[in-house]
Every structure is written in C-alpha cells, then in structure tokens.
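The structure under discussion appears below in the form of structure tokens.
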Amino acid sequence: MIVSIRVDDRLIHGQVALVWSKEFGISRIVVANDEASKNEIQQMTLKMATPTGIKLLIKPVKESIELFNSPKAKDVALFVLTNCIADTLAIVKACTDIKSVNVANVGRFDNSEPDKKLKLNSNIFLNERELGALQELVEQPVPVYHQIIPSASQTSIKSLLEGAKKKK
C-alpha cells in the first residue's frame, strides 16, 4: 500500500528522510524515477540520504508500478517519491491502493523558460506538460494537496489551480 506519493524535485533530502519517514512510520521508500534508476552517482547520493533502518528501492516508473500492483506490496507501507507530476500521474492511474499525493516541490530545476512557467506558490512551478498532468491528477480519486512538512497545513492543489486561473 502506498501511504503517500510525494512529488519533490530533490527526491530524498532532510525533510523527507527525517521528518516524513517518521510521520508515516514507514520502513520502505521507493524512488520511482527513470533517470535515478540509471544514474549510479545519484543512486549513491539517495542511499546516503536514506535513514538507517529504512529500505530504499530505486526503480524506473514502469517497474515501480509493477511492484505497487504486486500482491506482496499490499501489506507493506510504502512512501513513494517522484520528481515530476507526470510520473506521479502514471502511478496514480495504474495503481489503486494510494492514500494521498503531496505535490511539495516541483519545477524549480527543469530547463523550461522561467517566464513560461505557472507559479502556483513558492514551491510549485509548472511548465505546460506538468500543468496538464496536474490538472488530470486532481481529477483522480485520491487526495492531492501541497504540504511541505507535517506540522504545516495541507493546501488543496485544486484550490491552488483555481486561484492561478483567477489571476490570469
């Protein structure tokens, strides 16, 4: 079972490793990312950032979906990390046992022209592809919100999108 999917362009970092893993009480993190699954240096960095006692799997998105739909994964609490909304959408559309999606930090490091990105807040910047994926994601049957740390309040992504439309 996927306890939460977090969209974070940094994947594993202090907040994820120390705060969110404790919040969810998980023992397994899955990084679902095609590039990270091929990049040995990035894999070493992600492993170093993973807290002791937590198992880390780094898999391409397609293999991650197969894992999530496996009967073996049904009774295991998984915290899933992606670095883009499009990958998250693919997972949500292919898997049914997902408790929530947290769109935390996205779009700050992509190569899109900054003036062509939609800024939802200080942590979410969307190019055209990611905006389309997010609009489709909020229509899926899973809660989609923005929350940096557990002690902060959750903000509905749907309301952030609606607020951005009104500003145009």
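Readers should treat all values here as calculations from the given coordinates under stated rules, not as data from a laboratory. Quick caveat, the model's predicted, so the values are computed rather than measured. For neighbour counting, all protein chains shown are included, and Cβ atoms are generated from backbone atoms with ideal geometry for every residue, glycine included.
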Rg and Dmax [Cα atoms of the chain; Å; Rg one decimal, Dmax integer]: 15.2, 47
Cβ-based net charge around I2, under 12 Å, with every Lys or Arg adding one and every Asp or Glu removing one: +3
Neighbourhood net charge (13 Å Cβ-Cβ; Lys/Arg +1, Asp/Glu -1) for S112: -1
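Tell me the net charge near S21. Cut-off is 12 Å between Cβ atoms, S21 excluded, with +1 for each Lys or Arg and -1 for each Asp or Glu.
Local charge sum for S21: +3.
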Taking the chain and dividing mean pair separation by its residue count, relative contact order in percent (alpha carbons under 8 Å, at least six apart): 28 percent
Peptide ranges 52-59, 17-24, 76-83 listed from the most packed, as the mean C-beta count within 10 angstrom indicates: 76-83, 17-24, 52-59
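Anything over 20 Å Cα to Cα? Flag those among K38/K119; K74/K158; K38/K59; K99/K158, in the order listed.
K38/K119; K74/K158, as the Cα separations exceed 20 Å there.
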3J(HN,Hα) from dihedral phi, the range 140-156, Karplus parametrisation 6.51/-1.76/1.60, rounded to Hz, x for glycine, proline: 7, x, 8, x, 10, 9, 10, 7, 6, 10, x, 6, 7, 6, 7, 10, 4
Loop trypsin sites (Lys or Arg not before Pro), the range 93-135, which have at most 15 other Cβ atoms in a 10 Å radius of their Cβ (DSSP): K99, R108
Ellipticity estimate at 222 nm from DSSP helix runs (n ≥ 4, -39,500 (n - 2.57)) divided over the chain, nearest 500: -9500 deg cm²/dmol
